[in-house]
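Comments concern the structure below.
The values are calculated or read from the model by the stated rules, or taken from the named source; none is laboratory data. Bear in mind that the values here come from a model prediction, so they are computed numbers and not experimental data. In this analysis, Cβ positions are derived from the backbone assuming ideal geometry, glycine residues included, and neighbour counts consider all displayed protein chains.
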Amino acid sequence: MNSRRDFLKLAGLGAVGAALFPRVGKSAAPVFQGLEKGKRPSVLFLIVDDMTTTLGCYGDRDARTPHMDALAARGVRFDRAYTQFSLCNPSRCSFLTGCYPERTKVFDLVTSLRVALPDEVTLPQHFKNAGYTAGRIGKVFHVPDPKTKPDVTLGVALHKDQAILDEAKLAERSEGDLSDPPHKSGREGNQYNRCYAPSPHPDKDFTDYQIAEEALATLEQFKDKPFFLAVGFIRPHTPYVAPRRFFDAIDPTKIAMPAFYQSGGEDRAKIPNPALRPNNNVFRFAAPSPKEAREARRAYHASTAWVDSQVGRVLAKLKELKLDENTYVLLTGDHGYQLGEHGLWAKQTLFEEGTHVPLLVAGPGIKPGTCTGLVEQVDIFPTLAALAGLDIPKSVQGMSLKEQIADPTKAGKPAVFSTMVSTHTKLMGRSVRDERFRYIEWDEGRAGRQLYDHEGDPHELTNLADLPQHAARVGQMHALLAQHLEKVRSK
């Protein structure tokens, strides 16, 4: 192929392809007015581990998330944002480089992005190279990157919340509840089938409180200079633990349950085997009863409410220091999450719940709005660079969302893409989602296909892939996915 135009012509995509595979341009100045004259804007990038769209601002009736809802109310909420890989390390490598997983070659929890991309400039590096004071606190990268060296790097002791879970489980047993005995593990200590519990511990004993404390101190340190600060919170990642008051605020009998746990259940007969991962993140040894499933959803919401309170502390400090007047704030989860839909729990799926993520952007000059266009987490890097007026590296494969932030009614992408490795079959799965349909194929279709029509089936309960009347659409979606893979692998 001699040119981008020739590629699009061969692919038969035309104008749609031009939007799907845009040229990456540069931004010479901050996008929005409202900044202090002569000052470069700062960036606060908030990442919440394993948090899906269970927020009040996304319409979740069980959510208790006033601080993130307030952030959404003063900025742009992207209603249809999608992860590129529903697992921590691959997802973070993707949005921290602006590249799809097919280019980062990271498909697991242990591979460094430097194996395939030894010289790629990451998002924090890009800001530091541009003269920003840069920092990362808590969990930002999953596998530490030796080449990304911000001015401030503060990790986190992940064992603290596990110790709180162990203590809570011991208290349960001392009160006569022997229903969840510990299973010994040489590497991790005790493991429990149900990885959730409220705790009487004070706020200061929890991991996310300490992450917030470090963020507050760092904002004080950075307040007199343009900064890029990434803060990665841990909950609601398992274990779902939080101070007891966050559990008490949610009535478990009123928790909304997915179709799988409702009367009549859900027929999973037409779902390919690779799509149905084991529930070893939440219910490690045995499937939950309906009561346990309800308790787990309540615990997840309680943990989300807890982390919301810590996000609130950081945003309050930003306002107290008057940094909010000159700082763009972007908040996201690192991927989607299953909470019993299709009988599945946790991450590593290609269903809507496993790939749909929250994405909120607020800051000077940004007017409140809601964008319903399709966007991806791979777009985060170029978006933050554009907001700050930085050049966008040519290696970045995402597109800046500055037009959608300035005018949320503008269209998003014609399609978004996600990749996954099945946990139990080890087969590669890929998904393409357009305005109406989601198509998934496992092992290039040899191990099964899925097609869902979101117009009448938003919870993806009816797989249409094998129906003759949808054969043409399956072929079109397969071709669209193949064209995407050719493009992102070749760059």
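Of the residues in the stretch 274-299, how many are part of a helix (DSSP H, G or I) and either within 12 Å of residue 252 (Cα to Cα) or polar (S, T, N, Q) (or both)? Give the steps one after another, and end with the answer.
We begin by selecting, within the stretch 274-299, every residue part of a helix (DSSP H, G or I); these are 274-275, 290-299.
Filter again for either within 12 Å of residue 252 (Cα to Cα) or polar (S, T, N, Q) (or both), leaving 290-299.
Within the stretch 274-299, residues that are part of a helix (DSSP H, G or I) and either within 12 Å of residue 252 (Cα to Cα) or polar (S, T, N, Q) (or both) number 10.
Taking the stretch 146-205 and the strands (runs of 3 or more DSSP E) fully enclosed by it, the elements with 1 or more residues that are within 25 Å of residue 297 (Cα to Cα) and modelled with pLDDT under 95 are at 183-185, 189-191.
So, of the residues in the stretch 237-260 that are among the aliphatic types (A, V, I, L, M) and within 12 Å of residue 298 (Cβ to Cβ), which turns out to be surrounded by the most Cβ atoms within 10 Å (Cβ to Cβ)?
Filtering the stretch 237-260 for residues that are among the aliphatic types (A, V, I, L, M) and within 12 Å of residue 298 (Cβ to Cβ), the one surrounded by the most Cβ atoms within 10 Å (Cβ to Cβ) comes out as 242.
Residues that are of a type in the set (Val, Ile, Thr) and either outside any strand (DSSP E or B) or without any contact (Cβ under 8 Å) to a residue 12 or more places away in the chain (or both) within the stretch 323-371 comprise 349, 355, 366, listed in sequence order. Remark: pairs (first residue in the stretch 253-268, among the aromatic types (Phe, Trp, Tyr); second residue outside any loop (DSSP other than H, G, I, E, B) and loosely packed, with under 14 Cβ neighbours inside 10 Å; Cβ separation under 9 Å; 6+ apart in sequence or on different chains) = 261/290.
Just to be sure I understand, how many residues within the stretch 206-251 are in a strand (DSSP E or B) and closer than 29 Å to residue 288 by Cα? Can you show your working first?
Within the stretch 206-251, the subset in a strand (DSSP E or B) is 227-233, 240-243.
Filter again for closer than 29 Å to residue 288 by Cα, leaving 233, 240-243.
Going through the stretch 206-251 one residue at a time, the tally reaches 5.
Within the stretch 421-464, being touching a residue at least 40 places away in the same chain (Cβ under 8 Å) and either in contact with a Phe, Trp or Tyr (Cβ under 6 Å, 6 or more places away or on another chain) or small (Gly, Ala, Ser) (or both) holds for 421, 422, 427, 429, 431, 432, 438, 447, 448, 460. For the stretch 432-476, name all the residues that are over 26 Å from residue 340 (Cα atoms), in contact with a strand residue (DSSP E or B) (Cβ under 9 Å, 6 or more places away or on another chain) and not in a loop (DSSP other than H, G, I, E, B). Within the stretch 432-476, 444, 470, 473, 474, 476 qualify. For the stretch 281-311, the set of residues classified as touching a residue at least 40 places away in the same chain (Cβ under 8 Å) and of a type in the set (S, T, N, Q) consists of 281, 303, 304, 309, 310, listed by residue number. Taking the stated definitions as given, is residue 418 over 19 Å from residue 341 (Cα atoms) and either of a type in the set (Ser, Thr, Tyr) or in a strand (DSSP E or B) (or both)? No. Of all residues assigned to the stretch 397-406, at least one qualifies as being in contact with a Cys (Cβ under 8 Å, 6 or more places away or on another chain), of a type in the set (S, T, N, Q) and either part of a loop (DSSP other than H, G, I, E, B) or touching a residue at least 60 places away in the same chain (Cβ under 8 Å) (or both). With respect to the conditions (1) surrounded by fewer than 17 Cβ atoms within 10 Å (Cβ to Cβ); (2) at negative phi; (3) modelled with pLDDT of 95 or more, residue 443 falls short on a single one, namely (2).
Among the helices (runs of 4 or more DSSP H) confined wholly to the stretch 1-78, which include 3 or more residues that are among the basic types (Lys, Arg) and modelled with pLDDT of 65 or more? If you could, list the steps in order and put the result at the bottom.
Working: elements: 4-11, 14-20, 66-73.
No helices (runs of 4 or more DSSP H) qualify here.
Every test in (1) out of contact with any Leu (no Cβ under 9 Å at 6 or more places or on another chain); (2) assigned to a loop (DSSP other than H, G, I, E, B); (3) modelled with pLDDT of 95 or more is passed by residue 91 save one, and that test is (2).
Conditions (1) at pLDDT 95 or above; (2) of a type in the set (Ser, Thr, Tyr); (3) in contact with a helix residue (DSSP H, G or I) (Cβ under 8 Å, 6 or more places away or on another chain), marked per residue:
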site: 354; (1), (2), (3): yes, no, no
site: 358; (1), (2), (3): yes, no, yes
site: 364; (1), (2), (3): yes, no, yes
site: 370; (1), (2), (3): yes, yes, no
site: 376; (1), (2), (3): yes, no, no
site: 381; (1), (2), (3): yes, no, yes
site: 384; (1), (2), (3): yes, no, yes
site: 390; (1), (2), (3): yes, no, yes
site: 393; (1), (2), (3): yes, no, yes
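Among the numbered conditions (1) acidic (Asp, Glu); (2) under 30 Å from residue 134 (Cα atoms); (3) more than 23 Å from the chain's Cα centre (by Cα), the only one that residue 403 does not meet is (3). The sole residue among 149, 204, 184, 169 that is of a type in the set (Lys, Arg) and surrounded by 13 or more Cβ atoms within 10 Å (Cβ to Cβ) is 169.
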